[in-house]
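Chemist: There's a structure below that I have some questions on.
Bear in mind these aren't lab numbers, they're just calculated from the coordinates by the rules spelled out. On a predicted model such as this, the values are computed, not experimentally measured, just so you know. Every residue, glycine among them, receives a Cβ derived from its backbone with ideal geometry; neighbour counts consider all protein chains shown.
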Amino acid sequence: MIEKIANAFSPSGHEDEVRQLLVESLNDKFDKIYVDSLGNVIAKKGVSPKLLIECGMDSPGIMVVDNSDGKVWFSAFGGLKAKDLIGQNVIFKNGIFGEVKYDGEISDDAKISDLYIALDTAEISVGNFGILKSEFSEDDDYYLGYGLKSKAGLLTVYQAMLDLDEDFAVLFSAQKRIGGKGIKAFLSANNFECAISVDGFCNKETDGVVIIAKDSTAVASVTLRKALEDIAKAQKIDAKTAVLDENFFSSSFLTAGTGVDWTAIGVSSKAEEDGKEKIFKKELESAIKLLKSAIEKLN
């Protein structure tokens with residue numbers, strides 16, 4: 001399942017492959033599982049669960065803005081940067097792929113608008129979506145591939161919730177990478193006492209599994225953060241508390257509906273020189289253990 005999730009085509013707004021995997025594999029493990037009008041997948045145990053677990057289904061991606069003279073020009077979303085795209089393989093939903101090209105010297109000054117994809121076919125139209133080809137692989141110690149950071153939360157939550165009996169709800173949110181749209185839409189019509197978001201991050205100064213005290217937009221609930229810290233200590237889980245500059249979409253939780261007590265669990269990914277992202281299995285296992293323990297203790 002890990003490889004299927006890692007390889008799934010799921011740019012924001014086009015999470016169909018992940019959605020189908022989740023619904024089919026989780027249908028008999030929850031009391032209720034459904035897809036809402038925005039494309040979120042919601043799974044619930046119990047009648048009125050108070051605890052919400054959230055992770056995004058979508059990946060960063062590109063959208064075609066022009067296709068002429070064998071060059072595909074595009075915009076990018078979800079945090080993709082020009083210098084990280086140059087030379088990478090992009091795959092579209094219809095299976096066509098090509099390499100991102102840049103005619104200038106590779107530097108931090110490169111702009112997305114200067115990049116293009118060279119194709120031998122005209123079967124790509126304006127508005128088509130693409131992602132970096134994952135090239136997923138693993139060895140005894142880690143998983144490796146393009147776009148793994150955005151899948152870290154999904155991998156953690158999926159593994160953590162399979163054999164739990166406690167009452168809780170899971171929001172597999174759609175369009176998270178473009179402003180937390182799925183989170184806002186769901187919470188505008190549903191109330192919970194507390195929420196734990198799980199996502200990947202890439203930070204040179206912080207390793208392993210972290211409990212988020214603050215992300216780039218808001219401060220986490222001190223009470224909920226301390227509860228996770230106590231759980232990690234009691235379970236001897238190697239988890240640090242961290243203040244990160246990355247966006248864990250906290251404002252989506254704090255401003256939608258009535259707001260909820262929120263914190264997040266971050267799973268570290270390492271950026272390789274070729275742009276691939278590495279997640280160590282030991283760290284993923286620690287995140288899974290922390291989340292499982294939190295669901296058990298917070299009910």
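Chemist: Hey, what do the phi angles of the stretch 283-292 turn into as Karplus ³J(HN,Hα) couplings, whole Hz, using 6.51/-1.76/1.60 and θ = phi - 60°, x for Gly and Pro?
Modeler: 6, 5, 5, 5, 5, 4, 5, 5, 5, 4
Chemist: Let me ask something additional. What is the Å³ per residue value for the convex hull set by the Cα atoms of the stretch 149-211? Provide the component values of the computation, followed by the final result.
Modeler: Details: hull volume 7.2 nm³, N = 63.
Expressed per residue, the convex hull around the Cα atoms of the stretch 149-211 is 115 Å³.
Chemist: Label 7 Å along Cα→Cβ of V243; the stretch 175-216 residues with amide nitrogen under 20 Å?
Modeler: The answer is 201-216, whose backbone nitrogens lie closer than 20 Å to the label point.
Chemist: So for the stretch 1-55, Kirkwood radius off the Cα pairs, Stokes-Einstein at 10 °C and 1.306 mPa s: how many µm² s⁻¹?
Modeler: Details: Rh = 12.3 Å.
Diffusion coefficient, whole number: 129 µm²/s.
Chemist: Here's something else I'd like to know. Residues with amide H under 5 Å of G208's amide H, sequence separation 5 or more or different chain, H placed in the peptide plane at 1.01 Å from N; which?
Modeler: Placed amide hydrogens put S268 under 5 Å from G208.
Chemist: Longest exposed-loop-site-free stretch of the chain, with trypsin sites (Lys or Arg not before Pro), DSSP loop and at most 16 other Cβ within 10 Å?
Modeler: Numbers: sites that count: K29, K50, K81, K93, K111, K204, K236.
Answer - 112-203.
Chemist: So, one more: Taking N as the number of residues in the stretch 61-132, what value does Rg over Cα atoms divided by 2.2 N^0.38 Å take?
Modeler: Values: Rg = 11.0 Å, N = 72, 2.2 N^0.38 = 11.2 Å.
Relative to the rule-of-thumb radius for its length, the stretch 61-132 sits at 0.99.
Chemist: Could you compute the FRET efficiency for N191 and D109, with r as their C-beta to C-beta distance and R0 at 41 Å, rounded to 0.05? Please list the in-between numbers first.
Modeler: On the way: r = 47 Å, r/R0 = 1.15.
Efficiency at R0 = 41 Å is approximately 0.30.
Chemist: For N40, enumerate residues with amide H under 5 Å from its amide H, sequence gap 5+ or separate chain, H modeled in the peptide plane.
Modeler: It is A174, by chain and number.
Chemist: Still on this model: From the phi of every residue in the stretch 232-244, what ³J(HN,Hα) in whole Hz does the Karplus formula 6.51 cos²θ - 1.76 cosθ + 1.60 yield, where θ is phi - 60° and glycine or proline is x?
Modeler: 4, 5, 5, 8, 6, 9, 6, 9, 9, 8, 9, 9, 10
Chemist: Another one. Starting from the Cα of K29, move 7 Å in the Cα-to-Cβ direction to define the label point; list residues of the stretch 137-168 whose amide nitrogen is under 19 Å from there.
Modeler: Hits in the stretch 137-168 for K29 at 19 Å: 151-168.
Chemist: Still on this structure, please answer the following. Output the pairs from K151/K184; K81/K276; K29/K236; K151/K276; K184/K297 with a Cα-Cα distance over 23 Å in this structure; if there are none, say none. Before the final figure, lay out the partial values.
Modeler: Details: K151/K184 20 Å; K81/K276 13 Å; K29/K236 28 Å; K151/K276 13 Å; K184/K297 26 Å.
Pairs exceeding the cut-off: K29/K236; K184/K297.
Chemist: Right, something else. By DSSP, what percent of the beta bridges with both residues in the chain are antiparallel, rounded to the nearest 5? Please list the in-between numbers first.
Modeler: Values: 42 of 65 bridges.
Percentage antiparallel, nearest 5: 65.
Chemist: Over 32 Å between C-alpha atoms is what I'm after, so list which of K50/K270; K71/K282; K50/K181; K93/K240; K176/K240; K133/K233 land there.
Modeler: Details: K50/K270 34 Å; K71/K282 42 Å; K50/K181 22 Å; K93/K240 39 Å; K176/K240 25 Å; K133/K233 39 Å.
Over 32 Å apart, Cα to Cα: K50/K270; K71/K282; K93/K240; K133/K233.
Chemist: If you plug each phi of the stretch 12-26 into the Karplus form 6.51 cos²θ - 1.76 cosθ + 1.60 with θ = phi - 60°, what whole-Hz ³J(HN,Hα) values come out, in order, with x for Gly and Pro?
Modeler: Result, ordered by residue: 3, x, 9, 8, 4, 5, 5, 4, 5, 4, 5, 4, 5, 7, 10 Hz.
Chemist: How big is the charge dipole of the stretch 52-194 about its Cα centre, in debye rounded to the nearest 20, if each Lys and Arg gets +1 on its Cβ and each Asp and Glu gets -1 on its Cβ? Spell out each step's value before the answer.
Modeler: Working: 13 positive and 23 negative charges, 134 e Å.
Charge dipole, the stretch 52-194, about its Cα centre: 640 debye, nearest 20.
Chemist: Scan the stretch 170-238 for GluC sites (Glu not before Pro) in coil per DSSP, keeping those whose Cβ has at most 15 other Cβ atoms within 10 Å, and list them by number. Provide the component values of the computation, followed by the final result.
Modeler: Details: sites: E193, E205, E229; in loops: E193, E205.
Those that pass, being in a loop and sparsely packed, are E193, E205.
Chemist: Counting helices only, and only those DSSP H runs with n ≥ 4, report the 222 nm mean residue ellipticity of the chain as the sum of -39,500 (n - 2.57) divided by its residues, in deg cm²/dmol to the nearest 500.
Modeler: -7500 deg cm²/dmol
Chemist: Mind checking the full-extension length gain between K71 and K93? Use 0.36 nm per residue of separation minus the Cα-Cα distance, one decimal, nm. It would help to have the intermediate numbers written out before the result.
Modeler: Working: separation 22, 0.36 × 22 = 7.92 nm, distance 1.79 nm.
Using 0.36 nm per residue and subtracting the Cα-Cα distance, I get 6.1 nm.
Chemist: As an exercise, take the mean of 1/r over every pair of distinct alpha carbons in the stretch 162-262, invert it, and state the Kirkwood radius in angstroms. Don't skip to the answer; put the middle values down first.
Modeler: Numbers: mean 1/r = 0.0686 Å⁻¹.
For the stretch 162-262, the Kirkwood estimate is 14.6 Å.
Chemist: With r defined as the distance between the Cβ atoms of E285 and K50 and R0 fixed at 25 Å, what FRET efficiency is calculated, to the nearest 0.05?
Modeler: Between E285 and K50 the formula returns 0.40.
Chemist: Return the long-range amide H neighbours of E54 (sequence gap of 5 or more, or a different chain), with a cut-off of under 5 Å between placed amide H atoms.
Modeler: So E54 has HN proximity to L171, I196, S197, V198.
Chemist: Over the chain, what per residue volume does the convex hull of the Cα atoms give, in whole Å³?
Modeler: Numbers: hull volume 38.2 nm³, N = 299.
Spread over its residues, the Cα hull of the chain gives 128 Å³ apiece.
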